[in-house]
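To start, the structure itself, in structure tokens.
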Amino acid sequence: MDDRTVVGFLVSLTGFKKRASDLTKSPEHKTQFSFAAFVAAFLVTAFSLFAAGPLLAVSTLEWYYEIQTEFNGEDRSWGVSNPRHYLELALRTTPLPDMEGYLRFSAESNRWKDYKPYNLTFAKEGHLRMRWKNAEAVLFSQENRFWFSEPLLEIVNQDRIKDDDYGPRAQGIRLDFWGLKNVSGVGFYSQKRNGEDNLALRLRRPFLRDRIVVGSTMANHNFGTDVRDYDRVVAADVEFALGYLVPTLSRLGRVTWVTEAGRNVSGRWLSAIEKPLTNGFKTEIRDLSIGDFYNVGSYQYYEPNFYTGVSAREGDDDYKGYYVETNYRIPAKAINLKASRFDYRAFRLTDSKGRLWEKSQSLGEIYVEFVRGFTAKTEYKYYRDNNGIYPNFLFEVAGENKLARIRTQLRVKDINTIYQLEAYGFEMSVNLTDKWKFYSRVMNVNVPTQSRQTVFLQLRYTGWTSGEGFIEFGNPDQSNDLVNDGDFVQWDSNASTARYIRLFLKMYY
């Protein structure tokens, strides 16, 4: 693919976005464009590829089946509460060496606790991929193809764009390109089920053998109701490998200095606030080595209303602050010492006494590796704001060999406050045989008024060539991160061990 072809594709992508916006301005056309026009065009194109000459195409058919039942004892009377069947069929074909089509369908039959049947058959996801020498384009539906590599500001976040509902539901087109006059980049246009759409573009250009890298990012969220009803942020960034550019700094390592600055240039709603154009800025020094010390430092500055709904940090602005981190690796010992501090002061936010809101967090950690696969970690950190200081202590020991892996933790949260609690966690995974695996998590939380426990057990059989079976007890979500779980390890939580047993059988081909 030559340069003119890539440029032409970008121009056509921009035109596609404009035509989509024109269609979605009228509410009665939103659903028609989003689901009828797009999906129909996608399926016609995909099946045209699938029907291409059988001598050229290489096609595979895959399937996955899962059956699950649950014995629920939450009401102290055990009974079958949730039988479920789930089937997936996937067709993948490559009619040409640089072209791929993929469609996945699924069917589900479920019966919940209230005994209302739930049956559903639907197209799960699909895409059409085309690849050239310097570019790749993907037309997709219900797939998460919004990953974005941006150095510091995070103005684009895939979780805010993919329209999640037990899986991504957005649809659109994505283009990756490279080697275009030494410029590489990615752009995508996507649409949600409600007719709102997103457009994002990232460009990157290295100089002096990657010792200087310049980039730019744009993110736009169109609400589809008016010509100026949109969120938009643009940003530019630069990275310097100072250790390679400045000879006197080479003894300190690569010494990477990264800076990114952005501006919110959204539509009509932004003009109503006091300062219609708001800025964000962050700069960071990393890869700085001084002897056995490895250091990171950053400074950030965000004005009000900088972040929009395209970023996961929406509302995380209107402040300035800094972050520093130092790691020390003790010579000839498998011991690592870590210290970090993050401070910020808000621009406008004040507390009940009229004081400017301030927040800081400091951390100290010792990590040790022992012989025979054992490690230990001790961590102390405290969070401070205008309401007080909240210290936390964590101790962990873990070990692993061919037979088993174990991890035990102790955490004391909000020390010397009315919210203090102690959490104890234990995790174990054992290879009982080559075919039988056992996994368990047990956790206890103590607060002044009660002691709560949660248990999760799993027995797994892997003896089938194309399948595996599970028996589980308890709710795994209550102890996903052991004593750092954000829901169970809370002072005001009342959760305890969930009394149900689940049986799974999974088969695939």
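Brief remarks follow.
- Selection status of residue 492, more than 27 Å from the chain's Cα centre (by Cα), farther than 18 Å from residue 408 by Cβ and of a type outside the set (Val, Ile, Thr): yes
- Some residue of region 442-452 being more than 27 Å from the chain's Cα centre (by Cα), closer than 25 Å to residue 71 by Cα and assigned to a strand (DSSP E or B): yes
- Pairs with Cβ under 6 Å, 6+ apart, first in region 470-486 and more than 21 Å from residue 421 (Cα to Cα), second of a type in the set (Phe, Trp, Tyr) and surrounded by 19 or more Cβ atoms within 10 Å (Cβ to Cβ): 474/456; 476/456
- If the condition is being modelled with pLDDT of 95 or more, touching a Phe, Trp or Tyr at 6+ places or on another chain (Cβ under 9 Å) and surrounded by fewer than 22 Cβ atoms within 10 Å (Cβ to Cβ), then region 212-228 contributes 212, 213, 214.
- Within the set 295, 327, the sole residue that is surrounded by 17 or more Cβ atoms within 10 Å (Cβ to Cβ) and in contact with a Leu (Cβ under 6 Å, 6 or more places away or on another chain) turns out to be 295.
- Residue count for region 124-136, restricted to those that are touching a residue at least 60 places away in the same chain (Cβ under 8 Å), closer than 15 Å to residue 93 by Cβ and aliphatic (A, V, I, L, M): 1.
- Residue match in region 235-244 (condition: without any contact (Cβ under 8 Å) to a residue 60 or more places away in the chain and under 20 Å from the mean Cα position of the chain (by Cα)): no
- Filtering region 417-452 to residues that are surrounded by 16 or more Cβ atoms within 10 Å (Cβ to Cβ), closer than 30 Å to residue 403 by Cα and of a type in the set (A, V, I, L, M) leaves 423, 442, 443, 445.
- Residues located in region 437-461, provided they are aliphatic (A, V, I, L, M) and either modelled with pLDDT of 95 or more or in contact with a Lys or Arg (Cβ under 7 Å, 6 or more places away or on another chain) (or both): 442, 443, 445, 455, 457, 459
- Filter result for residue 397 (of a type outside the set (Asp, Glu) and at pLDDT below 95): no
- Top-ranked residue in region 137-182 [being buried (at least 16 other Cβ atoms within 10 Å of the Cβ), without any contact (Cβ under 8 Å) to a residue 60 or more places away in the chain and over 19 Å from the mean Cα position of the chain (by Cα); ranked as farthest from residue 202 (Cα to Cα)]: 140
- The one condition from (1) assigned to a strand (DSSP E or B); (2) touching a strand residue (DSSP E or B) at 6+ places or on another chain (Cβ under 6 Å); (3) over 25 Å from residue 370 (Cα atoms) that residue 405 does not meet is (3).
- Only listed residue being within 22 Å of residue 367 (Cα to Cα) and not in a strand (DSSP E or B), chosen from 483, 489, 412: 483
- Remark: residue 461 matches the filter, which requires a residue to be of a type in the set (Ser, Thr, Tyr) and free of Cβ contacts under 8 Å to residues at least 60 places away in the same chain.
- Test result for residue 186, farther than 22 Å from residue 303 by Cα, without any contact (Cβ under 8 Å) to a residue 60 or more places away in the chain, in contact with an Asp or Glu (Cβ under 9 Å, 6 or more places away or on another chain) and not acidic (Asp, Glu): yes
The values are calculated or read from the model by the stated rules, or taken from the named source; none is laboratory data. Only a predicted model underlies this, so the values are computations on that prediction, with no experimental measurement involved. Here the Cβ is made from the backbone with ideal geometry for all residues, glycine too, and neighbour counts use every protein chain on show.
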